[in-house]
Amino acid sequence: MPYKIKNFTPANNKETLKKVDFESKPGQITNVYLETEKQKSFKKIILGRQKNKTGRYQVDNQDVINKNFIKHHTEYIKTDTWFERLIPTKWILALSLLSDLQFLRNARIKYAEKKYDYLSLLDSKNDLSDLKLRRDIDEAINKFIKFSNESHEKIINNLDQILSRLNQSMSKKMFSEFSPQVKVLSKALYDIEKETLLRKMEFKFVQVLYDKIESLNELRDSCTCEFNTKKSNNKLLRKRKALFEYKQTRFIVEKQLKFLNIRLNKLRLESIILIFRKKTISSQFKFELDKFYKTYSVSKEVQQEVSYELSNWKKVIKDKFNDQNSTEKKFLFSFIKTEVNLLTKFIISNIHNYHKLILTGEIKYGNKNEFLSLRKHYKKQIVPVVRQAENWMESNFKNLDINFEWFLKGSFKLSSLNMIYVKILKAINLGKKNIVISDFLHLLTNRDYEMLFETISKINEFYPNISFIILHSKTFTISDLAKDKKIYWSRNDELVKTTTKEFFEKNLVNICKNELGESNVFAFSKESENLIDVENRLWNVNTKKFNDNGFIFINPLEVSTEFIENNSVPINVRIIRTNKYHDKNMYFGITKNKTKIYFYSEDKTFERENEVVLYFEERSISAII
């Protein structure tokens, strides 16, 4: 769940929003309608700049909320500046993609794999027997590493499950009567203790693996063919001594060492991140725990007991880890050693068999032209990391139907829509799952607006885990105003979720005042009890109370274009073209008495200057003045 805020009350009592219940869902657009001051308050909350006095606040299923955490999980898109337009788009997108460590690691691995495969091919000098030998050795080393990884992963997963169950039971046992945040944060804190220990275990395993793979380049003395050839009395054999060099493992081993080195760097970085994350969660946990102590006046004795239990919890985790150390040592110094010995024998045996082929003259050379063609193919496969980023971006543009071709090479971005695209793509490249669009959609042209929401629809298709939160201060920037659609808005200083139909009903007076002007406001005069005159039509309204004359506000979502028999009034309207509302199902018309009205129709379409009959029911009236 991207955002889930429940019963949130801000710690700062001066905030205009006093209570917030909010939820966004992956693959969907969440609309929030707020006036300017309340938007500022909501922005502080959604960007983690406001601590909670009460309630629960989750982002991406994590309870640790502060502005730094939000910064790595949420992209807040606002109007661009002139300086942002000067930065080349290619730089922004490439650097953001290369900031995605997962992409960067995969790109480096792909580059290293293709590079060393190419160098190994060149080193074989079109000797097909030598090339087959290299492929067999490469396959054997890959199988050894894969088998070792899978075997060690079982040990890691087993310990992970034990410690996860321990943390789950301890958090329930200790904090069942505390606030939900305390229980969740305590588990998160000790899950980090668990992850830190598991990273250390995996790091040690990869180091051992690195040393064992590196040793495969030191087996030269295991085969005496090279030495015997150099000392041979046979001049022809001495001239061919280069063929007996122990070199087949060189580039294969260097490739695997590169992979393992990337993996070690990944584990180092993850360990550093865990240190900072632990600091953040510890601070949040202490804050929630102290808040609970203060709220419920918990005694010092109970606080000390909780502190002792927390220390004991940490000790139990370390004890479980130490119990696993004996199994780990057997694996590293017995199992791995045995498997490496088998791999070593296989490599030595195959290299020696290749030397026999040389001595008997049975080695085979490939066709020269085919070798040149193969060499070109292998070289073409070597794609630098930056170029991989560019290729990925171009592929992503095609998937999302975004045409960046004309300005990717330039530096100046003329369209605000292009800047929005850049910021959205940057967020995707950085792995952010929450995109908040601030209140600026009214600044876009109709064409740009349509293109933006077509792109958002494509993004929801290709990235179903990304959620969009759009802030509005105008109803006409909301893309879908269907009756049953949900929208968040402020009522009595609380952020509530209702249908758009109820939103217009409760808020229509303000909407007319701030956006629609005199539209949807009809003058009436009272003829008799519950009988009023509207647009020279008599209307019997049984459930409303009217003064002698005044105005009624008609909800555009509660106007019917179909005949209604009971207690309705027909109003003749001439359709006028308007581009105000972006939802194409919202139409605009004018009555014979020059009263303007907006109405919503999903079932029928209307052309400009067409005449249409609208039907008002009692529920169409949102307010009476």
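Numbers below:
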{"read-out": "Projected label distance in nm at Lys71 and Asn341, using a 7 Å step from Cα toward the beta-carbon", "value": "5.4 nm"}
{"read-out": "Heavy atoms of Lys433 accessible to a 1.4 Å probe, total area in Å² rounded to 10", "value": "90 Å²"}
{"read-out": "P(r) histogram, all alpha-carbon pairs of the range 467-518 included - 5 Å bins from 0, percent", "value": "5, 18, 28, 32, 13, 3, 1, 0"}
{"read-out": "Point-charge dipole on Cβ atoms (K/R +1, D/E -1) for the chain, about Cα centre, debye to 20", "value": "3700 debye"}
{"read-out": "Ratio Rg/Rh [Cα only; Rh per Kirkwood] for the range 436-524", "value": "1.01"}
{"read-out": "Cα convex hull of the range 427-485 - mean projected area over all directions, nm²", "value": "4.6 nm²"}
{"read-out": "Cβ-Cβ FRET estimate between Val302 and Asn549, R0 fixed at 51 Å, reported to 0.05", "value": "0.15"}
{"read-out": "Sparsely packed trypsin sites (Lys or Arg not before Pro) within the range 309-394, loop by DSSP, other Cβ within 10 Å at most 12", "value": "Lys364"}
{"read-out": "Qualifying chymotrypsin sites (Phe, Trp or Tyr not before Pro) in the range 523-600, DSSP loop, other Cβ atoms within 10 Å at most 16", "value": "Phe563"}
{"read-out": "Global geometry of the range 45-183, whether rounded, prolate or oblate, following the gyration tensor of its Cα atoms and the 1.5 cut on a/c", "value": "oblate"}
{"read-out": "Mean projected area in nm² (Cα convex hull; one quarter of hull surface) for the range 297-399", "value": "17.7 nm²"}
{"read-out": "At q = 0.10 Å⁻¹, base-10 log of I(q)/I(0) for the chain (Debye sum, equal scatterers on each alpha carbon)", "value": "-1.06"}
{"read-out": "Segment Ile590-Phe147, length gained on full extension (0.36 nm per residue, minus Cα span)", "value": "151.8 nm"}
{"read-out": "Ranked packing of 439-446, 270-277, 253-260, most packed first, by mean Cβ within 10 Å", "value": "253-260, 439-446, 270-277"}
{"read-out": "Positive-end residue of Asn7, Phe333, Thr561, charge dipole of the chain with Cβ unit charges", "value": "Phe333"}
{"read-out": "Long-range amide H partners of Thr54 with built H, under 5 Å", "value": "Thr9"}
{"read-out": "Residue (of Ser283, Thr196, Tyr598) at the positive-pole extreme of the chain, dipole from beta-carbon charges", "value": "Thr196"}
{"read-out": "Centre separation in Å (Cα based) which lies between the range 488-556 and the range 1-75", "value": "32 Å"}
{"read-out": "Cβ crowding within 10 Å averaged over residues, with 35-48, 388-401 ranked highest first", "value": "35-48, 388-401"}
{"read-out": "Net charge, Asn126 excluded, C-beta distance under 10 Å - Lys, Arg +1, Asp, Glu -1", "value": "+1"}
{"read-out": "Linear extension gain, Lys19 paired with Asn261, 0.36 nm per residue minus alpha-carbon span", "value": "82.1 nm"}
{"read-out": "Evaluated over the range 400-548, the Cα radius of gyration and Dmax, each in Å", "value": "21.7, 73"}
{"read-out": "Over the chain: helical MRE at 222 nm, DSSP H runs n ≥ 4 each giving -39500 (n - 2.57), nearest 500", "value": "-18000 deg cm²/dmol"}
{"read-out": "Between helix 416-429 and the chain: long-axis angle, C-alpha atoms, 0 to 90°, nearest 10", "value": "50 degrees"}
{"read-out": "Gap separating the Cα centres of the range 581-595 and the range 146-208, nearest whole Å", "value": "61 Å"}
{"read-out": "Degrees, to the nearest 10: 300-330 long Cα axis against longest axis of the chain", "value": "40 degrees"}
{"read-out": "Peptides ranked, highest mean first, by Cβ atoms within 10 Å: ranges 570-576, 459-465", "value": "570-576, 459-465"}
{"read-out": "Prolate/oblate/rounded call for the range 20-72, Cα gyration tensor, a/c under 1.5 rounded", "value": "oblate"}
{"read-out": "The range 475-574: GluC sites (Glu not before Pro) in DSSP loop, at most 15 other beta carbons within 10 Å", "value": "Glu518, Glu529, Glu562, Glu565"}
{"read-out": "Acute angle (nearest 10 degrees) that the helix 336-360 long axis makes with the longest principal axis of the chain, alpha-carbon atoms", "value": "60 degrees"}
{"read-out": "Centroid-to-centroid separation of the range 111-143 and the range 330-389 [C-alpha atoms, Å]", "value": "3 Å"}
{"read-out": "Prolate/oblate/rounded label for the range 512-625 (Cα gyration tensor, a/c 1.5)", "value": "prolate"}
{"read-out": "Dipole magnitude of the range 428-549 about its Cα centre (Cβ charges: Lys, Arg +1; Asp, Glu -1), debye to nearest 20", "value": "440 debye"}
{"read-out": "Extended-chain gain in nm, criterion 0.36 nm per residue less alpha-carbon gap, Ser560 and Gln102", "value": "159.5 nm"}
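The values are calculated or read from the model by the stated rules, or taken from the named source; none is laboratory data. Please read these numbers as outputs of a predicted model, since none were measured by experiment. Because the Cβ atoms are built from the backbone with ideal geometry, glycine has one as well, and the counts that use them run over all protein chains shown. These area figures cover heavy atoms from the full protein model, side chains too; ligands, DNA and RNA do not enter into them. Shrake-Rupley method; radii C 1.70, N 1.55, O 1.52, S 1.80 Å.
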